[in-house]
Amino acid sequence: MSPLATWPILMTKLRSHEEVAEQTMAFRFEKPVTWTFKTGQFIDLTLINPPETDSEGNTRCLYYIAGPSRMVGDLRTMLANPGVDEDDIRAEELIGY
């Protein structure tokens with residue numbers, strides 16, 4: 001059994017969306033009632049019955065990293081080793097640590 005099989009599947013609703021730059025959208029979702037933050041989490045976003053799709057299909061996996069610059073760099077390297085696409089990583093380097 002894959003370790004990913006133990007992760008819960010949660011449904012949510014899109015609250016709003018807006019274009020924040022050319023070809024870049026910001027989406028805001030309702031927080032699922034049973035969801036709590038845990039270090040190391042990731043999300044797969046799947047659109048159910050979208051009006052159109054591309055070659056990647058309906059699902060996107062996103063990784064979020066926030067922390068000191070060195071930690072962010074180390075985690076980017078760790079994610080690159082198993083082949084995570086750089087476009088799927090969102091990072092914020094926190095200054096002062």
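Model label sites at Ile9 and Thr36, defined 7 Å from Cα along the beta-carbon direction, differ in position by 2.3 nm. Seen from Met71, the other residues with C-beta closer than 12 Å to its C-beta sum to a net charge of -1, counting Lys and Arg as +1 and Asp and Glu as -1.
Positive end of the dipole of segment 35-93 (Cβ unit charges, origin at the Cα centre): among Ile48, Thr36, Pro82, the Cα lying farthest that way belongs to Thr36.
Taken about its Cα centre, the chain carries a charge dipole of roughly 600 debye when the Cβ of each Lys and Arg holds +1 and the Cβ of each Asp and Glu holds -1. In a fully extended conformation the segment linking Glu93 and Ser55 would gain 10.5 nm over its present Cα-Cα distance, using 0.36 nm per residue. Full extension of the chain between Phe29 and Asp85 yields a length gain of 17.8 nm, computed as 0.36 nm times the residue separation minus the alpha carbon distance. Here the Gaussian network model covers the chain, with springs between Cα atoms less than 10 Å apart; of Met71, Met25, Met11, Met25 fluctuates the most.
Since every read-out is calculated from the coordinates, none of them should be taken as a lab result. The shown structure was predicted, so the numbers you read here are calculated from the model rather than taken from an experiment. When we count neighbours, we look across all protein chains shown, and the Cβ atoms used for this are built from the backbone with ideal geometry, even at glycine.
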